[in-house]
Amino acid sequence: MDQVLSQQEIDKLLKAMNNGEIDQEEIEEQTNNTPKVKPYDFRRPSKLSKEYVNTLHMIFEDFSKMGTNVLSNLLRVNVTFHLASIEQISFDEFIHSIPRITLIGLFHSKLAEDDSVMKGIQMVEMNPQLCTKLVELLCGGSENSVKENQNGGIEVDEKKFTDIELAILKSVLEELGKTFQNSWKDIVEIKTFLDNVDVNPQLLQSMSPNEPVILTTFSLSIGDLKTFLNICIPYVFFEGISDKLSFRNWFDSSQKLSEDDERALQRGLDNVLVNLEARLGNAKMEVSDLLHLEVGDVVKLNCKTVDPLPTYVNGMPYYYAKPGKKDGNLAVELLDKLEGDAENE
């Protein structure tokens, strides 16, 4: 990368565009007049095919949607979380594109099917401006309570994070790790764990400088703050699951459900809540009679006490039941399914 912008420079450019100091139409016109040439480095060829990259777009789109809900619930404010880009770069380029002091969460993942550890360390990077905002909100601050500096960015302390701040931010990283884990469930079941938190990317020795990584960047808006969050995944992470990234695996209709798939589907259905109600009967009365009802009055229904009661599941008739008591509570005993409702079963 010939030129890397710092987080403060990015924030300043975004603020200038919002204030109208930079004309977006002029930028687009200059861009359209410039020949679109994409350099290719044969020493570092692209590892992932276009089909695999499209699959990653779908995965991280899900991550951004789930991340929006997770952060909004955690911070109690509206959070906008969008996928900005996915690109392959070297680890050295990633390190030089982030601030000198920043927060990096180091994760490792395991395959759920055999509990084997997947290769590579996954990293979630949150810049100091975002960290300051998160700490401010989690400690009871308001949505727009963080001060801006002269460059238009959020005013932050250049020293390292305190232990209390790291403990607070670690909880946020753990939630993002769970979100990362859930975003892969349609491809492969994985379990993700937070190993460590680091604040100095220059001292990271988890991989060699020239190792190819997939850098996923998300745009993040919290109140008046517009910034970015990065996820860095080494290419070796995908080597064991590259066959699962193909669209043909997703939509292959010839594949049959295995016993494990059926059990997983059953477990999912077991947790679905349904509304069960038994109706004692119906009665018609005038409004004047209804208004004069008192405790102890008897209302005549349109059925006998010995008749079975129709029982409804989510408003649909399914069973006949007999009323009674169990352990001092009102209860019904299911007797038989209603006939003629096979289409609703």
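For first residues located in the range 53-71 and touching a residue at least 24 places away in the same chain (Cβ under 8 Å) and of a type in the set (D, E, K, R), partners that are assigned to a helix (DSSP H, G or I) and surrounded by fewer than 18 Cβ atoms within 10 Å (Cβ to Cβ) and lie 6+ apart or on another chain with Cβ distances below 9 Å form the pairs Asp62/Asn182. In the range 229-236 there is no residue matching the filter, namely being open to solvent by less than 40 Å² (accessible area, probe 1.4 Å), touching a Leu at 6+ places or on another chain (Cβ under 9 Å) and either modelled with pLDDT under 90 or not in a strand (DSSP E or B) (or both). Within the range 200-216, one or more residues are within 25 Å of Val77 (Cα to Cα) and either touching a residue at least 24 places away in the same chain (Cβ under 8 Å) or in a strand (DSSP E or B) (or both).
Please verify whether Glu175 is farther than 18 Å from His108 by Cβ, at pLDDT 85 or above and assigned to a helix (DSSP H, G or I), treating the condition exactly as stated. Against the criterion (farther than 18 Å from His108 by Cβ, at pLDDT 85 or above and assigned to a helix (DSSP H, G or I)), Glu175 does not qualify. Filtering the range 293-313 to residues that are in contact (Cβ under 8 Å) with a residue 24 or more places away in the chain and either open to solvent by 90 Å² or more (accessible area, probe 1.4 Å) or outside any loop (DSSP other than H, G, I, E, B) (or both) leaves Leu309, Pro310, Thr311, Tyr312, Val313. Within the range 57-107, being among the hydrophobic types (A, V, I, L, M, F, W, C) and in a helix (DSSP H, G or I) holds for Met58, Ile59, Phe60, Phe63, Met66, Val70, Leu71, Leu74, Leu75, Phe91, Phe94, Ile95. Consider Thr55 carefully, then state whether it is closer than 20 Å to Asn230 by Cβ and modelled with pLDDT under 90. Against the criterion (closer than 20 Å to Asn230 by Cβ and modelled with pLDDT under 90), Thr55 qualifies. For Leu166, indicate whether it is within 11 Å of Leu134 (Cβ to Cβ) and either more than 11 Å from the chain's Cα centre (by Cα) or at pLDDT below 90 (or both). Criteria not met by Leu166.
Among the candidates Met316, Met285, which residue alone is in contact with a helix residue (DSSP H, G or I) (Cβ under 8 Å, 6 or more places away or on another chain) and either open to solvent by 70 Å² or more (accessible area, probe 1.4 Å) or modelled with pLDDT of 85 or more (or both)?
Step by step, each of Met316, Met285 is checked, and only Met316 is in contact with a helix residue (DSSP H, G or I) (Cβ under 8 Å, 6 or more places away or on another chain) and either open to solvent by 70 Å² or more (accessible area, probe 1.4 Å) or modelled with pLDDT of 85 or more (or both).
Answer yes or no: is there a residue in the range 321-337 that is open to solvent by less than 60 Å² (accessible area, probe 1.4 Å) and at pLDDT below 85. No.
In a residue-by-residue description of the range 249-256, the property of being at pLDDT below 85 and outside any loop (DSSP other than H, G, I, E, B) applies to at least one position.
The values are calculated or read from the model by the stated rules, or taken from the named source; none is laboratory data. Quick caveat, the model's predicted, so the values are computed rather than measured. Cβ sites come from the backbone with ideal geometry, for glycine too, and all protein chains shown count toward neighbours. Keep in mind that these areas ignore ligands, DNA and RNA; they rest on the heavy atoms of the full protein, side chains included. Shrake-Rupley method; radii C 1.70, N 1.55, O 1.52, S 1.80 Å.
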